[in-house]
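A.B. asks: One structure follows; several queries about it will come next.
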Amino acid sequence: ARLSHNEQQGLMGELYIIREAIKIKNPDDVVASWKAPEENAKDFIHAAQAIEVKSRRSAHSSSVRITSSEQLDTQNFEHVVLAVVTLTLSKNQGLDLHAYAAVIISELQQLSPAATGHFEQKIVQRGLWPEHEYTEELWSFTNVDFYEVLGDFPRIEYSALSSGVSSVTYSIELNAIKPFEVDGGNAFDLVYLHKVNYET
């Protein structure tokens with residue numbers, strides 16, 4: 001099925017993070033770490049590091065929605081980063097999903113043919129089918145903020161759920177997590193610092 005506005009928004013946020021990360025980190029690592037197409041609990045996982053991406057439509061909303069207790073759970077992770085991408089949707093300004101994916105593909109081709117092929121597979125797995133048109137829905141990026149999830153960062157963790165509670169959805173006020181903000185370079189350093197040996 002064609003992606004809804006909310007699904008497009010979520011995918012756009014993930015693609016934005018990929019595009020930012022491949023500018024400064026190993027593209028093979030970045031594409032391999034993109035776990036959202038496999039419907040993983042976190043959007044990006046690299047060794048014991050993770051990024052959870054939240055996309056929001058306008059700066060009016062002062063909170064982000066977290067849709068499971070696993071998304072910001074730090075158990076078994078050394079570093080978890082929350083990336084909040086703010087987007088706008090319009091009919092006449094910005095790029096649609098296919099156009100934005102094409103930009104990333106052309107940038108990846110300069111960097112790593114292997115990562116390019118891997119990315120092209122994952123984008124279809126994530127629900128972006130070639131035959132679906134999105135030319136009426138153009139997205140542009142207004143902002144991205146990164147936060148490191150640690151210590152008393154406000155969150156609900158899977159490990160802390162009462163027995164019998166199977167799922168939670170909650171919102172986090174962005175003002176409350178200001179103290180945890182890190183800049184983009186530092187965020188990607190936290191996540192992609194360690195080389196991963198893929199040979200098993």
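The values are calculated or read from the model by the stated rules, or taken from the named source; none is laboratory data. Nothing here was measured: the structure is a model prediction, and the numbers come from that model. Positions of Cβ are generated from backbone atoms using ideal geometry, with glycine treated the same way; all protein chains shown enter the neighbour counts. Ligands, DNA and RNA are stripped out before the accessible areas are found, and what is left, the full protein with its side chains, is counted by its heavy atoms. Shrake-Rupley method; radii C 1.70, N 1.55, O 1.52, S 1.80 Å.
A.B. asks: How far, in nm, would the chain grow between ILE105 and HIS5 when pulled straight, counting 0.36 nm per residue and subtracting the alpha carbon separation?
C.D. replies: Gain on extension, ILE105 to HIS5, equals 33.8 nm.
A.B. asks: Another question, if that's okay. Could you check what % of the DSSP bridge pairs in the stretch 35-137 are antiparallel, to the nearest 5?
C.D. replies: Of those bridges, close to 25 percent are antiparallel.
A.B. asks: Okay, next question. What translational diffusion coefficient, to the nearest whole µm²/s, does the stretch 82-200 have by Stokes-Einstein, given a Kirkwood radius computed over alpha-carbon pairs, a temperature of 10 °C and 1.306 mPa s viscosity?
C.D. replies: The calculation lands on 88 µm²/s.
A.B. asks: How large is the charge dipole for the chain, taken about the Cα centre, if only the Cβ atoms of Lys, Arg (+1) and Asp, Glu (-1) carry charge, to the nearest 20 debye?
C.D. replies: 280 debye
A.B. asks: Explain nothing, just compute: Karplus ³J(HN,Hα) = 6.51 cos²θ - 1.76 cosθ + 1.60, θ = phi - 60°, for every residue of the stretch 118-129 in order, whole Hz, x for Gly and Pro.
C.D. replies: Result, rounded to whole Hz: 4, 5, 5, 5, 5, 5, 6, 4, 7, x, 8, 8.
A.B. asks: Next question. So, counting K/R as plus one and D/E as minus one, what does the shell of residues with Cβ under 14 Å around ARG126 add up to?
C.D. replies: Summing Lys and Arg as +1 and Asp and Glu as -1 gives -3.
A.B. asks: While we're on this one: Computing the accessible area with a 1.4 Å probe over protein heavy atoms, can you report the carbon and sulfur percentage for the stretch 44-200?
C.D. replies: On the way: 4180 of 8350 Å².
Roughly 50 percent of what the probe reaches on the stretch 44-200 is carbon or sulfur.
A.B. asks: May I pose another question? For the chain, what is the accessible area per residue in Å², given a 1.4 Å probe and the full set of protein chains?
C.D. replies: Averaged over the residues of the chain, the accessible area is 50 Å².
A.B. asks: Okay, moving on. Rg to Rh ratio, the stretch 11-87, alpha-carbon atoms and Kirkwood radius? Please list the in-between numbers first.
C.D. replies: Numbers: Rg = 12.4 Å, Rh = 12.9 Å.
Dividing the radius of gyration by the Kirkwood radius yields 0.96.
A.B. asks: Charges on Cβ only, +1 for Lys and Arg, -1 for Asp and Glu, centred on the Cα centroid of the stretch 114-200; of GLY127, ASN143, ALA160, which one is farthest towards the dipole's positive end?
C.D. replies: Farthest along the dipole direction, towards plus: ALA160.
A.B. asks: Using the Kirkwood formula on the Cα atoms of the stretch 15-151, what hydrodynamic radius do you get, in angstrom to one decimal?
C.D. replies: 15.9 Å
A.B. asks: Mind checking the dipole of the stretch 31-100: about its Cα centre, +1 per Lys or Arg Cβ, -1 per Asp or Glu Cβ, Debye to the nearest 20?
C.D. replies: Result for the stretch 31-100 is approximately 400 debye, rounded to the nearest 20.
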